[in-house]
2 protein chains.
Amino acid sequence: MKEKVKISNAVVKRLPIYRRYLEELIKDNVERISSNELSSLIGFTASQIRQDLNNFGGFGQQGYGYNVKGLYKEINTILGLDREYKMVIVGTGNLGQALANYSKYHKEGFPIVGMFDINPKIIGLRINDIEVMDSDLLVDFLRENHVDIGIITTDRAAAQSVADKLVEGRVRGIWNFATVDLKVPKSIPVENVHVTDTLNALVYHIIHNDQAEMPEAGTE
Amino acid sequence: MKEKVKISNAVVKRLPIYRRYLEELIKDNVERISSNELSSLIGFTASQIRQDLNNFGGFGQQGYGYNVKGLYKEINTILGLDREYKMVIVGTGNLGQALANYSKYHKEGFPIVGMFDINPKIIGLRINDIEVMDSDLLVDFLRENHVDIGIITTDRAAAQSVADKLVEGRVRGIWNFATVDLKVPKSIPVENVHVTDTLNALVYHIIHNDQAEMPEAGTE
């Protein structure tokens, strides 16, 4: 019987990073890797890596390292990437289209099964072979097709009402690109990708670097 | 003389969120707001909000609340949003085009002054009135035009070599959308937007929610 895995949010955010590097290692036919080698690849400390990977069982053996394929497979299982998640995109602007055209999602278990918009000129078009439907049909479509994930790529003004429809249509999670903090029931996880917030953070770090280079004048 | 502001990374990530809400409040002609009112809007606790905003001076007064415009202006200054940053986009796929077409950046002090690609079929095109140039010209262009921020929207394989060129061209910061952890000098901040990592995290939370609803069977 499998133990229930409880992992902190910080580790959950690092798992996809490990996964990416392991994927590359598999492509390069690397079978084993030590935490020190992983450290020099990824940039996390070796002790951080051992601590993270110990969270969910002992894949590593002293003097042997990690079994790359085994670890990759286990991380996939923990991240739930061993099954399929149906997604819909609501909002067919540039970002919605960019996501629709990113065919890797289809291949990797995240098929986009529908796109929705309120603009009559766009409804009926096909983007990367996905039909754009009227947002009025969203709730029914979600329920009939047992959609797992709703992607919000509308503008800010529309985002909350779209989220309400996604909840009504019983999606299991929301991937939100609109720069709005959505209010949804706690049972439905929301992952925000607030792109412009990260630009603001970048600029802060640029400024801060500049300041660090200036001579300190009477710090308090 | 202004005191030097040192703020933790966590607070830096929250400042753009405060900024967005304050922008909305200004649009709605709200002049003052208490930490409790902000709390019910944003979802952070009132004490978190007071602690965050106390980091950079006393805008709030007991029984009066925060001056919305003053606080907004101050956050803009701290985030460095009171000046202009020239940006280039390297990689003109769907995501690069989506960013180029997002005209808000132009209006808000982030003009995109050039786009670059290696594909001869794309070089010479104009996207949202921005010329696509040959990536071979990137370093010279960056130096001649004193570009502040390089945006990487290439595939994984090309991302590191693009980052090297951005560094050579003396950009002040890199906004990286390629799913690669770049190696650049410490003096150049990198902000990663690893979109698919956030999808993986979302799926983990979906799975985890499901598990939480299952009856616990012999937890250790």
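The values are calculated or read from the model by the stated rules, or taken from the named source; none is laboratory data. This is a predicted model, so every value here is computed, not measured. In this analysis, Cβ positions are derived from the backbone assuming ideal geometry, glycine residues included, and neighbour counts consider all displayed protein chains.
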Report task. Kindly establish whether B:Ile75 is part of a helix (DSSP H, G or I), surrounded by fewer than 18 Cβ atoms within 10 Å (Cβ to Cβ) and at pLDDT 90 or above. Result -> no
Report task. Please state which of the following conditions B:Phe177 fails to meet, knowing it meets all the rest: (1) more than 14 Å from every other protein chain (Cβ to nearest Cβ); (2) crowded, with 19+ Cβ neighbours inside 10 Å; (3) not charged (D, E, K, R). Result -> (1)
Query - Residues of segment B:82-103 satisfying the condition of being assigned to a loop (DSSP other than H, G, I, E, B) and at pLDDT below 90 - result: B:Asp82, B:Gly93, B:Tyr102, B:Ser103
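For (1) touching an Asp or Glu at 6+ places or on another chain (Cβ under 8 Å); (2) at pLDDT below 90; (3) of a type outside the set (Ser, Thr, Tyr), each residue gets a yes or a no:
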{"residue": "A:Glu37", "(1), (2), (3)": "no, no, yes"}
{"residue": "A:Gly43", "(1), (2), (3)": "yes, yes, yes"}
{"residue": "A:Leu53", "(1), (2), (3)": "no, yes, yes"}
{"residue": "A:Gly58", "(1), (2), (3)": "no, yes, yes"}
Query - Lone unmet requirement of (1) among the polar types (S, T, N, Q); (2) under 21 Å from B:Tyr102 (Cβ atoms); (3) more than 12 Å from chain B (Cβ to nearest Cβ) for A:Ser161 - result: (2)
Query - Test set (1) surrounded by 18 or more Cβ atoms within 10 Å (Cβ to Cβ); (2) at pLDDT below 90; (3) under 19 Å from the mean Cα position of the chain (by Cα) - A:Gly65 fails condition number - result: (3)
Query raised in the report: Does B:Tyr102 satisfy being within 12 Å of chain A (Cβ to nearest Cβ) and under 30 Å from A:Asn128 (Cα atoms)?
Result: yes
**Report entry** Residue that is at negative phi and either touching a Leu at 6+ places or on another chain (Cβ under 6 Å) or basic (Lys, Arg) (or both), where the choices are B:Phe141, B:Phe116
**Finding:** B:Phe116
Report task. Identify all residues within segment A:95-154 that are acidic (Asp, Glu) and crowded, with 20+ Cβ neighbours inside 10 Å; write none if there are none. Result -> A:Asp117, A:Asp148
Report summary line: When segment B:109-142 is checked residue by residue, the ones that are more than 17 Å from B:Gly96 (Cα to Cα) and at pLDDT below 95 are B:Gly109
Requested in this report: Say whether the condition of being at pLDDT below 90, within 16 Å of the chain's Cα centre (by Cα), under 29 Å from A:Val88 (Cβ atoms) and among the β-branched types (Val, Ile, Thr) is met by at least one residue in segment B:143-158.
Outcome: no
Report summary line: If we ask which residues in segment A:70-88 are under 30 Å from A:Phe116 (Cβ atoms) and charged (D, E, K, R), their number turns out to be 4
